[in-house]
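Everything on this sheet refers to the single structure shown next.
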Amino acid sequence: MAKILAIGEIINGKMRKSSKEMVSVAKKLSGSASAVLIGENAQGFAKELAAFGADTIYAGDLKDFSGQAYAEAVASIVKSKGYDVVLIPHGNTGREISARLGALLDTGVVSDVVELAMEGDSVVCKRPVYSGKAYVKMKVIGTPQIITIRGNTQGIAESAGAGNVESITVDASGDKAKQTNYVAQVSSRIPAAEADIVVAGGRGLKSKESFAMVEELADILGAGVGASRAPVDAEWVEPNMQIGQTGQTVSPNVYIALGISGAIQHLAGMGSSKFIISVNKDPDAPIFKVSTLGVVDDLFKVVPTMKDELKTLLGK
Ligand SMILES: Cc1cc2nc3c(=O)[nH]c(=O)nc-3n(C[C@H](O)[C@H](O)[C@H](O)COP(=O)(O)OP(=O)(O)OC[C@H]3O[C@@H](n4cnc5c(N)ncnc54)[C@H](O)[C@@H]3O)c2cc1C
């Protein structure tokens, strides 16, 4: 059976849900899982991964994220312990680590995978291409196989692991590029990439002030917030909220698109959401082609009603 190493993420002092998802996938594919967790307080978070099947967790403290140091530490574990497959969350940090790891280990990387299964010792991966218009199946030839997985596509499953934590040293002193400043985006909301429900707004919101409706609806639902590129370009919201080809990729259970036309570049970042609800006054808007439920109406009428109904329903 292939030996699989799952890579975790610590961002803004918190262990991301993706860490548990990677361990769950490793356990499901091979019956046992090991993990690497590097970041602030990694030792403290490491034990938590045992509940998702991790037998061994290599934990290393690192204050500021360094893709180079992270990839070097993982490469050394892969070589010394003989791992065949490395699973990495397909986020900003994961993308950097995977590329560096591919170069360090002289092997291939399959990225942004939404489905995967073992075939013999190979992991066969399904990933979207052409901004989600088609899917291809791919596998890495040779070992180790490096795979980045789109968040929220695999789910998290509890399963007891031995939870042995091995301390590792992560050395960023040889970095060719250094982080000189770090500004954390402080928000009490769940990040869109981790959320079960995402409420996203587009140009149809008309202004920064009315974009607040998106946030209010999200807060009633306990959801993450996102945007198409139009509100980002108009500076109604921060760039890190953009969802799509040049923004973040989300895959929640429910995606609510308000005043978003559904351009191909937007669909690339949310098309794998499980249940898509759209509100758009144009019945021919492309977003309806991917929607489970579509409301053809003025969002300024629909959203206040949605908010009132949901507040009653949820007792808020
Ligand atoms: C290289 C490249 C990369 C890109 N990357 C991204 C990306 O990552 N993410 C992204 O989102 N875009 C991206 N874009 C831009 C993309 O092509 C679209 O321009 C953008 O997604 C449009 O945003 P929108 O749907 O909010 O605006 P629009 O396309 O203008 O749509 C607004 C929608 O709101 C509806 N509407 C208006 N008023 C109301 C109302 N009162 N009630 C209900 N509905 C209403 C309209 O019917 C319309 O469908 C990229 C483009 C390029 C070229």
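Odds and ends about this structure:
- Checking every residue in region 34-49 against the condition of being within 19 Å of the chain's Cα centre (by Cα) and part of a loop (DSSP other than H, G, I, E, B) gives zero matches.
Residue-wise test of (1) more than 18 Å from Arg16 (Cα to Cα); (2) in a strand (DSSP E or B).
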site	(1), (2)
Ile88	no, yes
Lys126	yes, yes
Thr148	no, yes
Lys176	yes, no
Gln179	yes, no
Ile190	no, no
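- Condition met for Asp233 (of a type outside the set (A, V, I, L, M, F, W, C), over 22 Å from Glu21 (Cβ atoms), out of contact with any Pro (no Cβ under 7 Å at 6 or more places or on another chain) and away from the ligand (no atom under 11 Å from the Cβ)): no
- Selection within region 263-307: residues that are in a loop (DSSP other than H, G, I, E, B) and of a type in the set (Lys, Arg). The member of this set that is nearest to the chain's Cα centre (by Cα) is Lys274.
- Which numbered condition Val254 misses (of (1) within 16 Å of the ligand (Cβ to nearest atom); (2) in the same structural domain as Ile287 (by TED's automatic domain parsing)): (1)
- The listed residue being crowded, with 22+ Cβ neighbours inside 10 Å and either more than 27 Å from Ala184 (Cβ to Cβ) or touching a residue at least 12 places away in the same chain (Cβ under 8 Å) (or both), out of Gly244, Gly315: Gly244
- Among the residues of region 257-271, those that are within 6 Å of the ligand (Cβ to nearest atom) and among the hydrophobic types (A, V, I, L, M, F, W, C) comprise Ile260, Ala263.
- Residue, surrounded by the most Cβ atoms within 10 Å (Cβ to Cβ), within region 216-240, restricted to residues that are within 22 Å of the chain's Cα centre (by Cα), assigned to a helix (DSSP H, G or I) and not aliphatic (A, V, I, L, M): Pro231
- Among residues of region 247-258, those that are in contact with an Asp or Glu (Cβ under 8 Å, 6 or more places away or on another chain) and either in a strand (DSSP E or B) or crowded, with 18+ Cβ neighbours inside 10 Å (or both), counted: 3
The values are calculated or read from the model by the stated rules, or taken from the named source; none is laboratory data. This one's a predicted model, so the numbers in the text were calculated from it and none came from an experiment. Here Cβ is always computed from backbone atoms with ideal geometry, including for glycine, and neighbour counts include all displayed protein chains.
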